[in-house]
Amino acid sequence: MGPLVPSILSNEFSLVIALIAGIGFGFVLEQAGFSSTKKLVGLFYGYDFTVLKVFFTAGVTAMIGVLLFGQIGILDLSMIYINPTFLWSALVGGAIMGVGFIIGGFCPGTSVCAAAIGKLDGLAFVFGSGLGVLMFAEGYPMFKDIYLSESWGALLINEQLGLSKVLFAFILAAIAFVAFYLTRQIENKVNRTTVQLPKSRIILYSSAVVFAFLVLTVVALMPDRNSRLEKKALQALQNTDFTPLQVPADKLAGEIVSNYYKINIIDLRNPVAFKSYHLPFAINIPVDKLTDRQWRTILDQKHKVNFFYADDPQIAKKGILLAGYLGKAENYLLSGSSSDFKKLFFDLTAPGADASKQEVNNYHFRNKAANDMKILQDALKNSTEPVVAKTSKIKGGC
Amino acid sequence: MKSQKYMNPYLAGFLLGLVLLGTIYVTGRGLGASGAVKSVILSTVTALAPEHTAGTPYLRSYEEEHPNGPLNDWLVFEVIGLIIGAFLSGIVSNRVGIKLERGPNITNRTRIIAAIFGGALFGLGSQLGRGCTSGAALSGMAVMSLGGIITMMAIFGSGYAFAYFFRKLWLK
């Protein structure tokens, strides 16, 4: 599941990816004509809207692709870098960039592209942008207020507008297609041409538009991966009498005492119940959070065994089914509830004089296990505090 | 040999979109350009004048956040790739060669000065706006970032607003 860096590919390897992505980026920019300053500036005088066409098509393509990947379940959208919103710096910085664009005739990426094929004006622009960066660094105290004010965090535009992602993508794609049509009219007017598209082109463009909306419709109608898994688990629960492998409390206590480092104990209940009592070393993963990416590593530790409990047979079954779909680890269910476990080990009463030998043995075993568990818990307090998921944040941006 | 025509803009846009999508899929973030300029410039300043960096808070904090220098920076590698890719494309389409493009009514000298000046504004603006047309606008649009889209509208809005005043640079 993407993004592949840093959990699947190392950061060093990502530099190789950077080079490859850059080659693709540069090749397409140059092919599109972005190495030509006149073509770029044409956008602002109406004689050439190539920039808008390329830019919008690329944005819409990538946006639809991201949504599709997210819905299929091969890309975790929550891990993607979202540029943070700083209102004033975005507006003022953008306005300054716009003036730079109209005076210099490039933007940073396109100027590098132009310089690469020998355009001296491109090279001059690259040199200038270096100066600009330096000016910002040296004059930072002056820009600081604008730079940091109105920090709104990593907001998504669709959420601000109260729209779903798919609906926003629909609207943006529609705007793009209308813009393509209108800019074509403007181009014809400004250049005093009456270029008519050949029929084959019209068919091609229309099918591309239809295809884009079709993909968006599929995304809108397709349930995402997590709800597909949920549904699968619910169906399995209804149609088959699935019985998870059960482990008695004594066995689990023995595992904790001797193999605590080889097992995960997973509490499927809600956080409130978890807080009021939980088994030693238990991790709280409420059953409806089980599909979250952060637990993937826990559910999929090949050399560890997972023990679940939920105090509710349905929840427990569902949890174990889901865990089975999500990972490859061995999963067991604790027989009995967590309060049974607590009673058994931590509210122990000594057997009376008439107790059988078995009962006395059990008492001694449980007493010792309880003590060992307490000792272990104290000794490992720092290393086994409830696992706080470390989702490494992806850094990005310009 | 004449240089070949440019690619159909929609096809180019579609391909660029796939490059962007692939980059997001693999690395979790989009493309960029101005960040690489920043990395190279600031690291060069530090290498040439370490005392100056030590005395300038912005440079110092950048240096602390990027201890490995520009050669370990994702965007620097991406822009090296960009140079290679653009050059390859230029060769394929026979567009490589020392050239200077300018509006019909200005001298080469004016064009170079305008390019440096415009570049400086763009460089400054991209630092203030946390990204340029690629990093903020294009990549921001792909992930529906509000900030990225505001930056995009500001760039193009301001471009249109000021186009009239600088028409002598470009038009007859």
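Since every read-out is calculated from the coordinates, none of them should be taken as a lab result. Note that the structure is a prediction, hence the values are computed from the model and not measured. When we count neighbours, we look across all protein chains shown, and the Cβ atoms used for this are built from the backbone with ideal geometry, even at glycine.
Figure the gain on full extension for A:Thr240 and A:Thr349 (residue separation times 0.36 nm, minus the Cα-Cα span) and round it to one decimal in nm.
Net length gain for the segment: 35.2 nm.
Count charges around A:Tyr277 for me, please; just the other residues with Cβ under 14 Å from its Cβ, Lys/Arg as +1, Asp/Glu as -1. List each step's numbers first, then the result.
On the way: positive: A:Arg269, A:Lys275, A:Lys342, A:Lys343; negative: A:Asp267, A:Asp311, A:Asp340, A:Asp347.
Within the 14 Å Cβ shell, the charges total 0.
Restricting everything to alpha-carbon atoms, can you work out Rg to Rh for chain B with a Kirkwood hydrodynamic radius?
Rg divided by Rh gives 0.99.
Which shape class, rounded, prolate or oblate, goes with region B:1-99 when its Cα gyration tensor gives a ≥ b ≥ c as root eigenvalues, a/c under 1.5 marks rounded, and past that a/b bigger than b/c marks prolate?
It is oblate, given that a/c is not under 1.5 and a/b is not larger than b/c.
At a temperature of 25 °C and a viscosity of 0.890 mPa s, determine how fast region A:228-384 diffuses translationally according to Stokes-Einstein, using the Kirkwood radius over alpha-carbon pairs as Rh; express D in µm²/s, rounded to the nearest whole number.
The Stokes-Einstein estimate is 149 µm²/s.
Rounded, prolate or oblate: pick one for region A:241-327, where a ≥ b ≥ c are the square roots of the eigenvalues of its C-alpha gyration tensor, a/c under 1.5 means rounded, and failing that, prolate if a/b is larger than b/c, else oblate.
It is rounded, given that a/c, with a ≥ b ≥ c, falls under 1.5.
With just the Cα atoms defining each centre, how far is region A:162-213 from region A:19-66? Give it in Å.
Between the Cα centre of region A:162-213 and that of region A:19-66, the gap is 16 Å.
Students often forget the sequence filter, so: which lysines lie under 19 Å Cα-Cα from A:Lys189 once same-chain residues fewer than 8 apart are removed?
Within reach: A:Lys38, A:Lys39, A:Lys53, B:Lys172.
Just to confirm the filter: which GluC sites (Glu not before Pro) across region A:93-169 are DSSP coil and have at most 14 other Cβ within 10 angstrom of their Cβ?
Answer by residue number: A:Glu150.
Full-extension gain between A:Ala273 and A:Asn188, please, as 0.36 nm times their residue separation minus the C-alpha to C-alpha distance.
Gain on extension, A:Ala273 to A:Asn188, equals 23.7 nm.
Of A:Phe346, B:Asn94, A:Ser356, which is farthest along the charge dipole of the protein assembly as shown in the positive direction, counting Lys and Arg as +1 and Asp and Glu as -1 at C-beta?
B:Asn94
By Kyte-Doolittle mean hydropathy of at least -1.0 and Cα axial length of at least 20 Å, which whole DSSP H helices of chain B are selected? Walk me through the numbers on the way to the answer.
Details: long enough: B:9-27 (26 Å, 1.76); B:34-48 (21 Å, 1.35); B:74-92 (27 Å, 2.26); B:108-128 (30 Å, 0.80); B:146-163 (25 Å, 1.54).
The qualifying helices are B:9-27, B:34-48, B:74-92, B:108-128, B:146-163.
Determine the shape class of region A:74-187: with a ≥ b ≥ c the square roots of the Cα gyration tensor eigenvalues, call it rounded for a/c under 1.5, and otherwise prolate if a/b is greater than b/c, oblate otherwise. Mind showing how you got there, number by number?
Details: a/c = 1.99, a/b = 1.22, b/c = 1.64.
The shape class here is oblate.
When the Kirkwood radius is taken over all Cα pairs of region A:2-224, what Stokes-Einstein diffusion coefficient follows at 37 °C and 0.692 mPa s, in µm²/s?
161
Roughly how crowded by other chains is peptide B:43-56, in terms of the mean Cβ count from those chains within 10 Å of each of its Cβ atoms?
Numbers: counts 0, 2, 4, 0, 0, 0, 0, 0, 0, 1, 1, 0, 0, 4.
That average works out to 1.
Can you figure out the FRET efficiency of A:Asn259 with A:Glu359, using R₀ = 30 Å and their beta-carbon distance, to the nearest 0.05?
Once rounded, the FRET efficiency stands at 0.70.
Where in chain A are the helices, taken as whole DSSP H runs, whose Cα atoms extend 15 angstrom or more along the long axis and whose Kyte-Doolittle mean reaches at least 1.0? Before the final figure, lay out the partial values.
Values: long enough: A:11-32 (31 Å, 1.41); A:50-72 (33 Å, 1.76); A:87-104 (25 Å, 1.89); A:120-138 (27 Å, 1.48); A:165-190 (36 Å, 1.27); A:199-221 (33 Å, 1.89); A:225-239 (21 Å, -1.34); A:313-326 (19 Å, 0.64); A:357-379 (33 Å, -1.29).
Correct list, ordered by number: A:11-32, A:50-72, A:87-104, A:120-138, A:165-190, A:199-221.
Only Cα pairs under 8 Å and at least 6 apart count here; give the relative contact order of chain B as a rounded whole percent.
After rounding, I find 27 percent.
Quantify how strongly other chains surround peptide A:271-277 by giving the mean number of their Cβ atoms within 10 Å of each of its Cβ atoms.
Shielding by partners across A:271-277 averages 0.
Which of the lysines could a cross-linker bridge to A:Lys275, judged by Cα under 19 Å and excluding same-chain residues fewer than eight apart?
Cross-link targets: A:Lys289, A:Lys342, A:Lys343, A:Lys374, A:Lys381.
Just to confirm a number: summing +1 for Lys and Arg and -1 for Asp and Glu over residues other than B:Tyr10 whose beta-carbon lies under 12 angstrom from that of B:Tyr10, what do you get?
Summing Lys/Arg as +1 and Asp/Glu as -1 gives +3.
Within the protein assembly as shown, what percent of beta bridges assigned by DSSP are antiparallel, to the nearest 5?
The antiparallel proportion sits near 15 percent.
Give, in nm to one decimal, the length gained when the segment between A:Lys381 and A:Val178 is fully stretched (0.36 nm per residue of separation minus the Cα-Cα distance). List each step's numbers first, then the result.
Details: separation 203, 0.36 × 203 = 73.08 nm, distance 6.16 nm.
Gain on extension, A:Lys381 to A:Val178, equals 66.9 nm.
How large are Rg and Dmax for chain A when only the alpha carbon atoms are used, in Å?
For chain A, the Cα radius of gyration and maximum Cα-Cα distance read 30.3, 109 Å.
Taking every residue in B:100-109, how many Cβ atoms of other protein chains lie within 10 Å of its Cβ, on average? Don't skip to the answer; put the middle values down first.
Values: counts 8, 13, 5, 4, 1, 0, 0, 0, 2, 0.
That average works out to 3.
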